[in-house]
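One structure coming up, written as structure tokens, with questions to follow.
The values are calculated or read from the model by the stated rules, or taken from the named source; none is laboratory data. Because the structure is a prediction, the values reported are computed rather than measured. Positions of Cβ are generated from backbone atoms using ideal geometry, with glycine treated the same way; all protein chains shown enter the neighbour counts.
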Amino acid sequence: MSGSILSLLMMAALTFGALHGCGKSGGPDAAGQAGPNEDGMTFVNGAAPFASQCPYGSFSKPVAAKVNLWNCNLGIGRVDLVEALRPLVIQADCKKKLISVRSTDGKLDSLWEVMPDNTFNLTVDGGRAILKDDGSGNLNCATNLSAEMFGTLDCADRDRVTIKFETVWWLDRTPPPPAPVPSATPSATPTHPQPTPSTGPSPIATSQPVPAPQPAPPPGTASFFRTRPGAAVSPGPEHPSCKIPQGCYFYATATIKQCE
């Protein structure tokens, strides 16, 4: 992955943070709160950078998606990310019905089949999140992330695909390792364990996003190929493990126009 796209992605995240008060310990979203708001959302001071690579090699303009925290009472009204979530580069092929998700650090490189109706649902290693404070006294702590991405491809112009998607990052969780022998044949049997969120599944974003109940693609969607899975966080003096309640997740929506 070239250094230029990484720089652009991080610049997009930093610009987003600057415009939304990154680095401040409080704000209108956190004033007087000791936990999530009445909708169950905790404001997050941070962003998730996304970009897309054109089949011809060029990159689209990076997008810094706004992230919020749901279903997670840390006892604080605002969560500050020390750094942006792992930048991801997405590439779609409408003709071959494939979508790839890669990280700019080279630790994630995955390829997935797209459904005949141009929808997709996949789970990849989301890297880690570093929180300024987890509400339990752990400062600059780290937690693993499992990222579930689901959305649609607008293939009206196959050379300039529009990718609309939602992402759920489950905190304190890593995705299961890939199967020993990747297969291009969809399987009706999920290969990953089923998490149990406190709310019901919904593929449609609402005022309170509700993630799908499984971190694996539904029957009929399969991981086509996966290499270089990201490594789990190793807690240490620099970034101790965060104390995270079960079922916490970050959520964001984004739209990327490939080759523009």
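Regarding region 143-151, can at least one residue be identified that is in contact with a Cys (Cβ under 7 Å, 6 or more places away or on another chain) and at pLDDT 95 or above?
Scanning region 143-151 turns up at least one residue that is in contact with a Cys (Cβ under 7 Å, 6 or more places away or on another chain) and at pLDDT 95 or above.
Related question: So if I check each of 159, 105, 125, 117, which one is over 20 Å from residue 60 (Cα atoms) and either in a loop (DSSP other than H, G, I, E, B) or among the polar types (S, T, N, Q) (or both)?
Going through 159, 105, 125, 117 in turn, just one is over 20 Å from residue 60 (Cα atoms) and either in a loop (DSSP other than H, G, I, E, B) or among the polar types (S, T, N, Q) (or both): 117.
Okay, residues lined up against (1) aliphatic (A, V, I, L, M); (2) in contact with a Phe, Trp or Tyr (Cβ under 6 Å, 6 or more places away or on another chain); (3) part of a strand (DSSP E or B); (4) under 20 Å from residue 123 (Cβ atoms):
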position: 61; (1), (2), (3), (4): no, no, no, no
position: 64; (1), (2), (3), (4): yes, yes, yes, no
position: 67; (1), (2), (3), (4): yes, yes, yes, yes
position: 73; (1), (2), (3), (4): no, no, no, no
position: 80; (1), (2), (3), (4): no, no, yes, no
position: 83; (1), (2), (3), (4): no, no, no, no
position: 86; (1), (2), (3), (4): no, no, no, yes
position: 91; (1), (2), (3), (4): no, no, yes, yes
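Also, quick follow-up: Does residue 91 count as out of contact with any Pro (no Cβ under 9 Å at 6 or more places or on another chain), closer than 20 Å to residue 149 by Cα and in contact (Cβ under 8 Å) with a residue 24 or more places away in the chain?
Judged against the criteria, residue 91 is not a match.
Regarding region 121-137, can at least one residue be identified that is more than 24 Å from residue 68 (Cα to Cα), modelled with pLDDT under 95 and among the small types (Gly, Ala, Ser)?
no
Residue check: is residue 127 among the small types (Gly, Ala, Ser) and buried (at least 22 other Cβ atoms within 10 Å of the Cβ)?
yes
Also, I was wondering about something else. Sort out which residues of region 86-109 are farther than 19 Å from residue 161 by Cα, among the polar types (S, T, N, Q) and out of contact with any Gly (no Cβ under 8 Å at 6 or more places or on another chain), and write them in order of number. Even if it seems obvious, please write down each step before you answer.
Keep residues of region 86-109 that are farther than 19 Å from residue 161 by Cα, which gives 86-87, 103-109.
Applying the additional criterion that residues be among the polar types (S, T, N, Q) yields 103-104.
Matches in region 86-109: 104 only.
Related question: Somewhere in region 82-96, is a residue within 14 Å of residue 170 (Cβ to Cβ) and either surrounded by fewer than 22 Cβ atoms within 10 Å (Cβ to Cβ) or not charged (D, E, K, R) (or both)?
There is at least one residue in region 82-96 that is within 14 Å of residue 170 (Cβ to Cβ) and either surrounded by fewer than 22 Cβ atoms within 10 Å (Cβ to Cβ) or not charged (D, E, K, R) (or both).
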